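Peer 1: Can you keep this structure in mind? I'll have questions shortly.
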Amino acid sequence: IGVSVRDLDRDDLTRMELPQSVHGAVILRVEPLSAAFDANLERGQVILEVNRHPVGSATDFRRLAAGAHAGDVLTLYLYLPDAAEHALRTVRIDAP
């Protein structure tokens with residue numbers, strides 16, 4: 001979908017002033033002109049769920065995203081550290 005992620009760790013929780021209850025995958029990079037870019041995903045956001053499936057790690061996210069096919073829509077539940085709020089974003093998977 002055009003996004004690189006890594007595991008959220010304790011340093012992230014402290015540095016981003018995230019609640020201890022937040023678990024997920026941190027967005028490292030969003031590819032320009034990708035489906036993630038079109039969905040307004042940004043570096044530093046934390047992916048908490050994909051289509052209502054919890055994301056506890058980068059591996060979880062990759063597994064859930066890999067199951068998507070062209071034409072599918074992924075609904076991502078995110079934590080936005082800059083705004084200290086949660087948000088939903090939809091990512092439409094385009095044909096390769």
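Peer 1: Can you match Cα Rg over 2.2 N^0.38 Å to one of these, [x] 1.00; [y] 1.23; [z] 1.42, based on a calculation from the structure here?
Peer 2: Correct label, based on the coordinates given: [x].
Peer 1: Per residue, how large is the accessible surface of the chain? Use a 1.4 angstrom probe and give square angstrom.
Peer 2: 61
Peer 1: Once every DSSP H run of n ≥ 4 in the chain is given -39500 (n - 2.57) and the sum is divided by its residues, what mean residue ellipticity at 222 nm do you get, rounded to the nearest 500 deg cm²/dmol?
Peer 2: Here the helix-only value at 222 nm equals -4500 deg cm²/dmol.
Peer 1: Whenever you get a sec, compute what percent of the accessible area on the chain sits on carbon and sulfur atoms (1.4 Å probe).
Peer 2: The C+S portion of the solvent-accessible surface of the chain is 48 percent.
Peer 1: To the nearest 10 Å², what's residue 93's accessible area with a 1.4 Å probe?
Peer 2: Per-residue accessible area (residue 93): approximately 20 Å².
The values are calculated or read from the model by the stated rules, or taken from the named source; none is laboratory data. This structure is a prediction, so every number in the text was calculated from the model and none was measured. For the accessible areas, the whole protein counts, side chains as well, though only heavy atoms, and no ligand, DNA or RNA atoms are used. Shrake-Rupley method; radii C 1.70, N 1.55, O 1.52, S 1.80 Å.
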